[in-house]
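What follows is a set of notes on a single structure, which appears directly below.
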Amino acid sequence: SKGSAWPFLKTMLSRNDVDRIYYVTIERNEISDIDLPKWMNARVTHVPISVPLRWPEGVYKIIEFLRVRQLLLKRIKDIQVHLVVARCSPTSIYAIPTSQKTGVPLIMESFEPHTDDMILSGIWKRFSMRSLVSKHYEERAKEYASFLITVSHLYADHLVSEGLSASKIETIPCTVPLNKFKFDEGDRLEVRKRLHIPLHATVGIYSGKFGGRYYDHEAFDVFKGAFEQSIFDEFYLILLTSDSIDAIYKRLERFHIPKERVHVCFVDHQEVPAYLSAADFAFSMLKSNSARKYCSPIKNGEYWASGLPIFCTDGIGDDVDIIQLNRAGVVLSIERSSEVHKALLEMKSLIKEPGVRQRMMEVALEHRSEEQIERIYDGIFQRLGVANAEHHI
């Protein structure tokens, strides 16, 4: 995604030993719709590959694979590319054959057990062709890639326990631009005024979808608990979601949540920081499963960068340990509904602590800063022997 890929591009552009970057993306829409930022200067060549969704899924995936692979091979042959960086595990299906055929070193970034996650979330069938092919290339990536960059230290440790060399494994969590998400008092006042939320009210915020990889009805059960009179004196909820507003309101009615105190918004990502500044804490509603403990939700980094403690479901990457060690939120096992009330009371106490907002921003600085990208790639470039020389990526 833009939020996770662009920090890497910015970091590479800051390096004197990177002469040019070929930024390859797979586009589901028309290429003319792509809006690139101004900072992507002449050293970045965007190579969008359009694969419109007009065929059955099986045919579509075959066409996508062949088109992407053909273009990558042609591009690497036409120019001198010194390094292939593939972002997220699913891209291994394109990157591994390309790297093997050309002999160009491969770095798998944001590497996680994506296939297991999709299966355990109920999105893919365990023995579907999609799952089998995806799992096959994830396993090949472990063997073939020069470096694997995980998003959690837990998964890095797991890979070492599988027998992989620790020397080829690094960890970079999903970083965020801290200045962009920094708390802004002016935004807080403006958003609350526009949404008719009293300044003294307590505001919780959730940014994301419902269903699939995220809790749905369970999340609304938690939201309902926050409206109980014995928790917060006056509670409001902001939902930043692309889900159907009608579907959201049906859930509010089902769980007897007062609609007049819930604001459902679908906003551009550039507007999200202002809404986070208006809130006092955030909900993170990813489903827990055995693969999710190896992930790194970018939303959590955005919440902390804005100074928000996180009401987080258990078993989510390194973030659970970060929360518990730094009192950076409250961890909840959502299957234990009896614990919701106690967890919300703990959050009430946490947000009243002096300096809590600044402390959360310091957590973001330590664990989600984009400076981690530069530090890790400095070491990787040295070990690959490509530092201090002009190269194409």
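A short reminder: the numbers here are calculations on the coordinates, not readings from a lab. In this text, all values refer to a predicted model and were calculated from it rather than measured experimentally. Glycine gets a Cβ as well: all are built from the backbone with ideal geometry, and neighbour counts include every protein chain shown.
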Once amide hydrogens are built 1.01 Å from N within the peptide plane, the residues lying 5 or more places from Tyr23 or on another chain with amide H under 5 Å from its amide H are Thr45, His46, Val47
Give me a comma-separated list of calculated 3J(HN,Hα) values for segment 82-87, in order, Karplus coefficients 6.51, -1.76, 1.60 applied at θ = phi - 60°, integers in Hz, x for any Gly or Pro.
9, 7, 10, 10, 9, 9
Loop-only check: which GluC sites (Glu not before Pro) in segment 161-206 are DSSP coil with at most 15 other Cβ within 10 angstrom?
Glu162
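Set the bar at 31 Å for Cα to Cα. Now go through Lys250/Lys352; Lys293/Lys342; Lys125/Lys182; Lys135/Lys180; Lys61/Lys180 and name every pair that lies beyond it.
Cα-Cα > 31 Å for Lys250/Lys352; Lys125/Lys182; Lys135/Lys180; Lys61/Lys180; rest within.
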Give the Debye-formula value of log10 I(q)/I(0) at each listed q (0.22, 0.25, 0.26 Å⁻¹), with one equal scatterer per alpha carbon of segment 171-229, two decimals each.
-1.06, -1.06, -1.07
If you average over every viewing direction, what projected area does the convex hull of the Cα atoms of segment 195-274 give, in nm²?
5.5 nm²
Equivalent-ellipsoid semi-axes (√(5λ), Cα gyration tensor) for segment 218-312, whole Å, largest first?
21, 17, 15
Between Pro97, Pro309, Pro37, where does the largest GNM mean-square fluctuation fall for the chain, given springs only between Cα atoms within less than 10 Å?
Pro37
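Got the relative contact order for segment 278-377 handy, in percent, Cα pairs under 8 Å and 6 or more residues apart?
28 percent
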Assuming R0 = 22 Å, can you tell me the calculated FRET efficiency for the pair Ser333 and Gln229, based on Cβ-Cβ distance, to the nearest 0.05?
0.35
Val85 long-range amide H proximity, modeled H, under 5 Å
Ile107
Each residue of segment 314-323 in order: what ³J(HN,Hα) in whole Hz does its phi give by Karplus 6.51 cos²θ - 1.76 cosθ + 1.60, θ = phi - 60°, with x for Gly and Pro?
6, x, 9, x, 6, 5, 4, 5, 4, 5
For segment 246-262, Karplus-derived ³J(HN,Hα) couplings (6.51, -1.76, 1.60; θ = phi - 60°; whole Hz; x for glycine and proline) come out as 4, 5, 5, 5, 5, 5, 4, 5, 4, 9, 6, 9, x, 4, 5, 10, 10
List the chymotrypsin sites (Phe, Trp or Tyr not before Pro) in segment 147-238 that DSSP assigns to loop (not H, G, I, E or B) and whose Cβ has at most 13 other Cβ atoms within 10 Å. Which are they?
none
Springs between alpha-carbon pairs under 10 angstrom, Gaussian network model over the chain: which of Ile316, Ile197, Ile26 fluctuates most?
Ile26
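Working from the alpha-carbon coordinates of the chain, get Rg over Rh, Rh being the Kirkwood radius.
That ratio equals 0.98.
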Net charge within 13 Å of Lys224 by Cβ-Cβ distance, Lys/Arg positive one each and Asp/Glu negative one each, not counting Lys224 itself?
0
For Asp314, distant residues with modelled amide H under 5 Å away
Leu332, Ser333, Ile334
Test of understanding: in a Gaussian network model of the chain with alpha carbons linked when under 10 Å, which of Met347, Met285, Met129 would top the mean-square fluctuation ranking?
Met129
Quick one: if you stick a label point 7 Å off each Cα along the C-beta vector at Ala201 and Glu353, how many nm between them?
2.7 nm
